[in-house]
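What follows is a set of notes on a single structure, which appears directly below.
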Amino acid sequence: MNAEQTIEKVRGSRIWRSVFRSGTGNSTLHRALAIQQNIFLHLFATKVRKRMVRFSATWYLGTLTLGTFLILVITGILLMLYYHPSVPQAYADMKDLQFVVSSGLFLRNLHRWSAQLMVFLVFAHMFKVFYRGAYRTPREFNWVVGIVLLLITLLLSYTGYLLPWDQLAFWAITVGSNLSSAVPLVGNKIHFLLLGGNQVNANALLRFYVLHCVVLPIMAVLFIAVHFWRIRKDGGLYVQQSEPKAQAPSDSIEPAQEVK
Amino acid sequence: MQRIKTILSSAWTALFGDPVRAFGVVSLVLLIALAIAPAKEHFSEWHRYQRQYLKLIHNRGDALSLQRRFQPGIHQIWLPNLGVVDRCTTCHLGLNEAGLADVHQQPFSKHPAIPHSLDGFGCVICHGGQGAATTVSEAHSSERAGEEPILPARYIESGCGQCHQDQLPGTPQLNLGRSMLRRYGCVHCHAITLPDGTKVVATDHPPSLAHIADKTTREWIFSWLKDPQAYSASTTMPDFKLSDTDASDISAYLVSTSTPLPGDNATLDVKSAMSADPSAGPSLYGESFCSSCHAVQNAAGNLVGGDLGPELTRIGNKAKPEWLKAWLQNPRTYDATTPMPHYRFTPQQIAILAGYLQGKSDSDYGANVHLDPGTAVQIAHGRKLIVELGCAACHEINGVQKPENFAPELSSIGSKPLAQILFLPGMEHALSSYIVTKIRQPRAFGTSVKMPQFTLTTAQTDALTTALLALTSRSRSMPDSLRVAEIQETNYQPAGHAGKLMTELACLSCHRINERGGDMAPDLSWEGSAIQQQWLVGFLKNPNTLRPALIRRMPRFNLSDNDNKELTDYILAVYQSPSIDPDFTLPAMNAAETVEHGRQLFYSKYACQACHIVDAKTDKGYIGPTLTQVGSRLTAAWVYAWLRNPQALRPGTIEPNQNLSDDDARALTAFLMSLKGPGRRGTKQ
């Protein structure tokens, strides 16, 4: 077909080749290279069993979690444009999102509900993995990475709670940070370190802001990268041993590109 | 059931049957969801109000100019130095439009005339509420978020009080509230520091209870504590809602610790004088102008008299006769700082007046109260109660220290966050309603609340609330340039023997001198420049009134000639105005002609007779002082300077500044100085 020939021609051109290192061709090798040679895709397995990407296999919980994380990053960056982490300004900035920023309330609600959803999805994802036995060898380490990601998610949620600087935020963080005082011996030190003082105030707001917008997201991105890379290295989404035997026959290996 | 199942399953297939269809449906739902957000903006409230406004002005005669001034979009007034962002003008579009004076439809009506520009001061500084909001409910009553709703209009004067620490003529409610904070003793328990760092000082004079047993009986103290208003409706003493036992124990403590003063129990044996003339008592009471300061309830139940001293309706129930006589002889023996003057009464006058006052009693008052002498346990319990209730915050009490910071400080009460307030069920979640309820029924907020019950009218509670609401943190943090300072009371004290005499006569209870003292009588700071010695001597001997419309008058103090001379000399020597030329003289030539010219100016050109009386037979002016003998009262220099610019000599006087020419002022002065009074009319100058 003419259209197909044109596409082939574009894909064979030097410009295309200079951007996408893998060349044209429908061979298994080419398809595998397309994944492997791309910095973003190389974290994923080059080959996936077709039925492994069916909805019933994972309920897409990990992917959805990543989706909410991406929404949170994008809306979070936009929210940072309107927000000052200072005591006199924080609450007023949040109200201004509602009062004068175009679609500001939508932006804020999107961030807030995605955050709620992400926590929910993370738990659902972990249950699914747990009950499917997908944490077993050789994926024990990835399970641990997942636990770290759970903690990061919860900390992101917790630090974000203070930023509106309303009464709910103030008292929730007061109560929450007091929990850390219960740690034996060093409890009060941790409490002081977390808040930058003995009370929730300007320093605490600034610390939580930096944690929420810089430290924790960077950590999350790093661990997500490790998490995905390990999925590939540990043998894809699903190992042979944990599969029910009855479903074996129609199994065929397809290049990842075909999944789409 | 089966049908519903079929319908549902076919709907599922139709929507999500194959991946492409499912993708399409989900995308469509997402698109609609995303479209709602900008659509909501378009249909927002302020858009609607701006469309309404355009419709409103469309058919008006001045539509063109109004439309030209109208700007679509969100408007805001930003005051960076006050931290204020007001977007109220987004909907309140007609505030600055003089042409819309006839429009009464909110939010488009014109703002009433105020001395400030709206753009320079914004809205929330006075009206409260949330200025940054762009919806009505968020701006006016965002209670759900725990934010202060808009201030009810009846407390609006509190807005003025944030910058204006002085008294404004346009804010009577705020002025009343501020004076009540001092007069009702609020500041004895609640410290209030003004933005300039000065403390609000109480102006009431709670009596010392150190010698209370000399003055009254334990039974009276009991009845008084149980219900102060039953004895005196006008008292500022609040009701502490004490039980019989508590009131009895407190009275036991007070009586047991009271120390006697020599003289209080001495009897003056001049009883015979009383029976001589039954009208002698009332006439002495009247002559001494007791009612300028003390009120008495008349038959109709109305209080008649001043409020500087305690009400005397039932004084006979309270005061022991011996104490009353000692008090009338010299109040300063019992209470060194009393505002009551030391009248130089003769023993006979004392007996007459004391007898008359003793007669002012109510035989029913406290008739059933009989208390046995207090036991040690009762006395100890009484002391405990006195400490707990903070009685010593107001009264001097033997054996009990004056408590420091007894009640919460109120310096920033007007900015108390709603989140820190425990509201009663059903109460509006607003600071103003909290304050007003707390003043009206303090004990409704729990049985452990110590604040007593005051008896106040609605106007008084509103005034107090207004004054308290003005104590905002903004008033403390605003730039000094915006603040109008209060005129501070000085601690001026006249010096020397004459000064001691003036203290005894309590001149400053009524007169103001060098920014200290009362406002009942004229300011005497420059009296020495104003009056003639001979007149003052006579006036102190036998004061007559200068202003016919006034009920309150200067009392007679029965000064000895020596004291009188000393006082007069002191006033003339010390209270001199620097702006009065002591060598001022009137032109001697053509004296009669000038006087006649002045008379014409007085009656025709300036129509002074509208307020002043020169000829008692014809003139009817009751506003200003009578001038029939002004020539023997005032100095020519003062009259001349006064005519040139009255406000320069006494700021705030209602005498208009007529901008007289020098010639007119001199002629008028010559005319006025020729008025020497009935007995001396026509005497040469």
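The values are calculated or read from the model by the stated rules, or taken from the named source; none is laboratory data. Please read all numbers here as calculations on a predicted model, not as lab measurements. Neighbour counts run over all protein chains shown; Cβ positions are idealised from the backbone, glycine included.
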Problem - Condition met for residue A:209 (within 23 Å of residue A:73 (Cα to Cα), in contact (Cβ under 8 Å) with a residue 60 or more places away in the chain and aromatic (Phe, Trp, Tyr)) - result: yes
Problem - Hits in region B:605-622 (condition: closer than 26 Å to residue B:528 by Cβ and hydrophobic (A, V, I, L, M, F, W, C)) - result: B:608, B:611, B:613, B:614
Handout entry: Residue check, residue B:447 modelled with pLDDT under 85, assigned by TED's automatic domain parsing to the domain that holds residue B:165 and either in contact with a strand residue (DSSP E or B) (Cβ under 8 Å, 6 or more places away or on another chain) or of a type outside the set (A, V, I, L, M) (or both)
Key = yes
Problem - Of all residues in region B:31-73 being of a type in the set (Gly, Ala, Ser) and within 29 Å of residue A:97 (Cα to Cα), the one that is nearest to the other protein chains (Cβ to nearest Cβ) - result: B:37
Problem - Residue selected from region B:217-259 under the condition assigned to a helix (DSSP H, G or I) and charged (D, E, K, R), by the criterion surrounded by the fewest Cβ atoms within 10 Å (Cβ to Cβ) - result: B:244
Handout entry: Selection status of residue B:106, assigned to a loop (DSSP other than H, G, I, E, B), without any contact (Cβ under 8 Å) to a residue 40 or more places away in the chain, in contact with a His (Cβ under 9 Å, 6 or more places away or on another chain) and within 23 Å of residue B:431 (Cβ to Cβ)
Key = no
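Given the residues B:616, B:637, which is the only one that is hydrophobic (A, V, I, L, M, F, W, C) and assigned to a helix (DSSP H, G or I)? Talk me through it step by step, then tell me what you get.
On the way: B:616 fails: assigned to a helix (DSSP H, G or I).
None of the others qualify; the one that does is B:637.
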Exercise for the section: Determine whether region B:84-92 contains at least one residue that is more than 41 Å from the chain's Cα centre (by Cα) and more than 14 Å from every other protein chain (Cβ to nearest Cβ). Expected result: no
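If a residue has to be of a type outside the set (D, E, K, R) and loosely packed, with under 13 Cβ neighbours inside 10 Å to count, how many in region B:494-524 make the cut? Talk me through it step by step, then tell me what you get.
From region B:494-524, those of a type outside the set (D, E, K, R) are B:494-499, B:501-503, B:505-511, B:513-514, B:517-518, B:520-522, B:524; that's our starting set.
With loosely packed, with under 13 Cβ neighbours inside 10 Å added as a condition, the list becomes B:495-497.
Number of matching residues: 3.
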Problem - Residues (farther than 25 Å from residue B:56 by Cα, buried (at least 19 other Cβ atoms within 10 Å of the Cβ) and away from chain A (no Cβ under 14 Å)) located in region B:102-125 - result: B:121, B:125
Practice task
Write out, first by first residue and then by second, each pair whose Cβ atoms fall under 8 Å of each other, whose residues are 6+ apart or on separate chains, and whose first residue, in region A:161-183, is without any contact (Cβ under 8 Å) to a residue 40 or more places away in the chain while the second is β-branched (Val, Ile, Thr).
Solution key: A:161/A:173; A:170/A:200; A:173/A:200; A:174/A:200; A:177/A:200; A:180/A:190; A:181/A:190; A:183/A:190
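Residues being in a loop (DSSP other than H, G, I, E, B) and of a type outside the set (Gly, Ala, Ser): count how many of those fall in region B:387-422. Step through it out loud before you land on a result.
Just the residues of region B:387-422 that are in a loop (DSSP other than H, G, I, E, B), to begin with: B:390, B:394-396, B:398-399, B:401-406, B:408-412, B:416-417, B:421-422.
Filter again for of a type outside the set (Gly, Ala, Ser), leaving B:394-396, B:398, B:401-406, B:408-410, B:416-417, B:421-422.
So the count comes out to 17.
Working only within region B:445-466, note down all residues that are among the hydrophobic types (A, V, I, L, M, F, W, C) and touching a Ser or Thr at 6+ places or on another chain (Cβ under 7 Å). First the steps, then the outcome.
Taking region B:445-466 and keeping what is among the hydrophobic types (A, V, I, L, M, F, W, C), we get B:445, B:449, B:451, B:454, B:456, B:459, B:463-464.
Residues satisfying the conditions do not exist here.
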Problem - Leading residue by the ranking (surrounded by the most Cβ atoms within 10 Å (Cβ to Cβ)) among those in region B:601-624 that are under 33 Å from the mean Cα position of the chain (by Cα) and over 15 Å from residue B:675 (Cβ atoms) - result: B:611
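Can you say whether residue B:621 is more than 27 Å from residue B:514 (Cβ to Cβ) and part of a helix (DSSP H, G or I), as far as the supplied structure shows? Quick ask: steps written out before the conclusion?
Details: more than 27 Å from residue B:514 (Cβ to Cβ): yes; part of a helix (DSSP H, G or I): no.
When the stated conditions are applied, residue B:621 does not pass them.
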Handout entry: residue B:351 more than 29 Å from the chain's Cα centre (by Cα), under 22 Å from residue B:228 (Cα atoms) and either in the same structural domain as residue B:216 (by TED's automatic domain parsing) or in a loop (DSSP other than H, G, I, E, B) (or both)
Key = no
Fill in the blank from the handout: Flagged in region B:80-103 as at pLDDT 90 or above and either within 13 Å of residue B:134 (Cβ to Cβ) or not in a loop (DSSP other than H, G, I, E, B) (or both), in numbering order, are B:85, B:86, B:87, B:88, B:89, B:90, B:91, B:92
Problem - From A:141, A:106, residue being among the hydrophobic types (A, V, I, L, M, F, W, C) and under 19 Å from the mean Cα position of the chain (by Cα) - result: A:141
Completion exercise
Residue count, region B:133-188, condition away from chain A (no Cβ under 14 Å), buried (at least 17 other Cβ atoms within 10 Å of the Cβ) and among the small types (Gly, Ala, Ser), comes to 6
